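See structure below.
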Amino acid sequence: MKKKYLLLSILAAFALSPLAHADDKSLLSSSLAKEKNDDFSLNLGGRIQADYATYFNNPIEGSAGAKFRRARIFTSGNIAREWGFKFQYEFTDSGAAGFKDGYFTYLGLPNSTITLGQSKTFFSMDQLNSSNDNVMMERPLLEALDAYGDRRMGLKFTTHGDNWMLGLGGFMNALDEKQVTSYGGIVRSGTNKTTALSTKSSNTNQSGIYTISGRATYVPVHSEGSDLYFGANLNYTGFGQQNAAALYSTRPETSVASTKLLETYVSNPSSQFQYTLETAAVAGPFSIEGAYVGANVSRLSNSV
């Protein structure tokens, strides 16, 4: 029997651009060194971002605290003009999980880029933006639906004009891929701390998960102090036969919190279809953005 679950999330954010990075305590985010000639360029850099949080009248979010949210070093550059590369490591993770970016690009086609390696899939503007450029330090809660996106190994193609962009990619496992082997308990939501979902997973490079991802953007207005943006994404993810469950969870919008606001799963998943519609506008010192995301998860036909 095939069951489908629909997960919907909506985001609306309004902010004054002078305060855009008030929650992003970026101690270092720059290129530390540059070397360039006609056929070769090399950049070295990194970022350090610290997070402090305290909570009032809501014990689910935990105690006050501080931590390094991001501590990264990267190298990027071009070789023979038509080839590029980027490698980035996150020191708050360890092992293979620390590699955020690891890819090569081919730039020899007009207004187009071919990317091979571990890079970002297409999901939303906030997910594709650098953490240095987002309004808040944490991405919005709807990113919980991007559990099998973000950065994965694959091949993607992007092309653009003056005010539009099209992208298409195919992706397999991530460098830090985990395969869910068993699960138990029930979902957690609200302030109920006694119903935590218990899962077991194993690191693997053969999880069977794959994603086909597409994106289109259009900017009809782009001038000094004024911008209007529209974007759309489509993603299809296949889970293969080896994954016992698809997991979805989200924390309060701070990395300090140890308790999850939502923790749920779909057992014996076969595929997931996602779509994103988003828009953003800038007028002088004001900006506003919104996104609508839907995710439809199907189970294997022999599931009950």
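Quickly run through the stretch 251-270 and pick out the residues that are closer than 23 Å to residue 236 by Cβ and outside any strand (DSSP E or B).
Start the filter on the stretch 251-270 by keeping residues that are closer than 23 Å to residue 236 by Cβ, which leaves 264-270.
Of everything in the stretch 251-270, just one residue is closer than 23 Å to residue 236 by Cβ and outside any strand (DSSP E or B), namely 268.
Within the stretch 91-113, can you find the residues that are surrounded by fewer than 18 Cβ atoms within 10 Å (Cβ to Cβ) and in a strand (DSSP E or B)?
Residues of the stretch 91-113 surrounded by fewer than 18 Cβ atoms within 10 Å (Cβ to Cβ): 91-98, 102, 104, 106-113.
Scanning the stretch 91-113 gives 102, 104, 106, 112, 113.
State yes or no: is residue 136 in contact with a strand residue (DSSP E or B) (Cβ under 6 Å, 6 or more places away or on another chain) and either within 27 Å of residue 296 (Cα to Cα) or modelled with pLDDT of 75 or more (or both)? If you could, list the steps in order and put the result at the bottom.
Working: in contact with a strand residue (DSSP E or B) (Cβ under 6 Å, 6 or more places away or on another chain): no; either within 27 Å of residue 296 (Cα to Cα) or modelled with pLDDT of 75 or more (or both): yes.
No; evaluated as a whole, the condition is false for this residue.
Among the numbered criteria (1) surrounded by fewer than 19 Cβ atoms within 10 Å (Cβ to Cβ); (2) under 21 Å from the mean Cα position of the chain (by Cα), which single criterion is violated by residue 240?
With (1) surrounded by fewer than 19 Cβ atoms within 10 Å (Cβ to Cβ); (2) under 21 Å from the mean Cα position of the chain (by Cα) applied to residue 240, the lone miss is (2).
For residue 216, are the conditions met, namely being at pLDDT 70 or above, surrounded by 14 or more Cβ atoms within 10 Å (Cβ to Cβ) and under 18 Å from residue 129 (Cβ atoms)? First the steps, then the outcome.
Values: at pLDDT 70 or above: yes; surrounded by 14 or more Cβ atoms within 10 Å (Cβ to Cβ): yes; under 18 Å from residue 129 (Cβ atoms): yes.
So residue 216 fits the description; yes.
The values are calculated or read from the model by the stated rules, or taken from the named source; none is laboratory data. This one's a predicted model, so the numbers in the text were calculated from it and none came from an experiment. Positions of Cβ are generated from backbone atoms using ideal geometry, with glycine treated the same way; all protein chains shown enter the neighbour counts.
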